[in-house]
Every structure is written in structure tokens, then in C-alpha cells.
Amino acid sequence: MRKSITLYGLTFSMPMLVWQLLFFLAPLLFLIALSFWSVKNFRMVPDFNPDNWTRMLGRGVFWEAYFRTLLLSAAAAGLTSVLAFPCAYGIAFKLSESARRWAVFLMVIPFFTSYLVRVYSWQIFLSDHGIFNALFAKIGLGPFGMLNSVFGVMVGYLTLSFPLVVLLQLFSLVFVDRMLIEAAHNLRCGRLRTVFEVVIPAARVGLVIAALFCFILTFGDFVSPLYLGGGDPPTLSILITDTTKSGQQWPRASVIALAMIATLLAVAFAAVSYAYRERGR
């Protein structure tokens, strides 16, 4: 039977390139144009004024926030990857098939709740009079300043990205050829050496992609730096908010956003190129 062609079917059958043009390239072009607009009497006026770029890129506050965000996100990607790997490795190689399904289900459960709610709950644990410091006080320690610090930001970043990184690493590890591991053991290769010389190289692409996703999520995160880090000194996401509140400077905020997008594209390209180049050797 000949099937009828509907608008619904055509819409969802559009090539991925068209979707990218509509939902990524078009807003990106508008953001670029907006970065050259002017603000007069708290109203944006279409213009071609490079003053927004020179003002933002010439300010030390911008570069301090930029490198602070870059370092925090890179540290979060590295720390999360290191902490997530034993968990993903144990699920992939030590659990049965049914237990592995339950483990995956438990990793998905945190996404059922709002990330903002989870960050608010961490404030109860990390505050000066919170649960953790109350427990430390019982053994004669503390109080420790965990809230409004880099430590608090890292806790929030782990809350955001840890389950996703475990899942991405797990999906890569389960496809590692078990015959390679058996061959390494037959050659009297120790377990730790097998992990570093066989398992990690075989799962390199998935591990790099997992770290990349963590970097992307944390680089643009606004919630943890504000509510767990105190918002001072600011990251780029907080700087965008402060800039828009300062005289409705959306064009200057667009400059910050474009710098973030350019950084993420560069990091993503470098990470994917590294992963697949190493794989092909």
C-alpha cells in the first residue's frame, strides 16, 4: 500500500544538517550580530560597533573569570573521570548482567530530580553549621569552610556530571574485547597493568568523550559556582548574568557567550581528534 506523506513525517525526517542550521547556526549568527549592537538609554539598538569586543576582551575581570572557569572545568573533568572509572569498571567486569541493569538504573535515578534541588540540599550538608561539620564536631574536628569555596563548587560539579560520566564510561567498557584481557593474563600481565595497557587503550574513545561531556557541562554551569561557590570571584556564567544586570548590556554578555562557545568547540574538536587519532595508531 502506498503511504501518504504528512507534514509531521516530513518534519521529523529532515536531515540532521537542516536541524543544525535551524537550532544552532541561526541562533549563533544572531548572537554574533547581537555582540555588535549598542545599548542606548537601556535599550538595544542594531549597530555594527566593535566597542563591545574591545571592552570585554580588554578587561582583566573577563580573563580572570575565563581562566578560572577553564581550570575549574578541567579539574572537574579529570577528577570526575578518575572517580568514575573504578565504578564503571566494577559494573562492567565484576557484576552479572542483571546486576548491571540495576546499576545502570540507579545511575539514571539522579536525573529524575532537579539539579537545582540537589545543589540546595548540598548547602545543608556543607554549611558551617551543617550536617558534615556537626559530625566532625563530635570527633573534635572542624568546623571546616566547605561552602562558598572551590571544594563546594567541585561537589556541585560532581553532582551534575558523575552519573553521566559513569554511564558513558560503562558503555565504552562493556564493548572491550574480553579476549584481549584473557591474552594479557595468559602473558602474566598483572591486573593493574592490564587495566592501564589493555582496558584503557581499548576504551579510550569512550573515556575521552565522557571527560569531554563533563567539561562541557561544568564549563557552562551557573548553579554550583553561585550557590556552592558563593559567586565571588565569578565564573563566566556568573559574569554573563552580572553583565546583563549592569545597564542591560546584552551585547557585551553576547561577547562572553561567544568566547565560551569558541572554547567549547576548540576543546571538543581537540578531544575527539585525540581520541580517534590514538585509536587509529
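Somewhere in region 172-186, is a residue more than 15 Å from A76 (Cβ to Cβ), among the polar types (S, T, N, Q) and modelled with pLDDT of 90 or more? Yes, there is a match, as at least one residue in region 172-186 is more than 15 Å from A76 (Cβ to Cβ), among the polar types (S, T, N, Q) and modelled with pLDDT of 90 or more. Every condition in (1) within 22 Å of A75 (Cβ to Cβ); (2) of a type in the set (A, V, I, L, M, F, W, C); (3) surrounded by fewer than 19 Cβ atoms within 10 Å (Cβ to Cβ); (4) at pLDDT 90 or above holds for V166 except the one numbered (3).
Yes/no per residue for (1) under 30 Å from A271 (Cα atoms); (2) free of Cβ contacts under 8 Å to residues at least 12 places away in the same chain; (3) out of contact with any helix residue (DSSP H, G or I) (no Cβ under 8 Å at 6 or more places or on another chain); (4) outside any loop (DSSP other than H, G, I, E, B):
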position	(1), (2), (3), (4)
Y66	yes, no, no, yes
T69	yes, no, no, yes
L83	yes, no, no, yes
Y89	yes, no, no, yes
F93	yes, no, no, yes
V117	no, yes, yes, yes
D128	no, no, yes, no
G140	no, yes, yes, no
G145	no, no, yes, no
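Within the bounds of region 174-189, is there any residue that is under 30 Å from T159 (Cβ atoms), part of a helix (DSSP H, G or I) and touching a residue at least 40 places away in the same chain (Cβ under 8 Å)? Checked against the condition, which is being under 30 Å from T159 (Cβ atoms), part of a helix (DSSP H, G or I) and touching a residue at least 40 places away in the same chain (Cβ under 8 Å), region 174-189 yields no hits at all. Taken over region 47-58, the criterion of being surrounded by 13 or more Cβ atoms within 10 Å (Cβ to Cβ) and either modelled with pLDDT of 90 or more or assigned to a helix (DSSP H, G or I) (or both) is satisfied by N52, W53, R55, M56, L57.
If you go through region 29-46, how many residues are exposed (fewer than 13 other Cβ atoms within 10 Å of the Cβ) and part of a helix (DSSP H, G or I)?
Taking region 29-46 as the starting set, the residues that turn out to be exposed (fewer than 13 other Cβ atoms within 10 Å of the Cβ) are 29-30, 40-43, 45-46.
Now restrict to residues that are part of a helix (DSSP H, G or I): 29-30.
Total meeting the criteria: 2.
Of the residues making up region 90-110, just one is of a type in the set (G, A, S) and in contact with a Cys (Cβ under 9 Å, 6 or more places away or on another chain), namely A103.
The values are calculated or read from the model by the stated rules, or taken from the named source; none is laboratory data. All values reported here derive from a predicted model rather than from experimental measurement. Don't worry about glycine lacking a Cβ; one is built from the backbone with ideal geometry, like all the others, and counts go over all protein chains shown.
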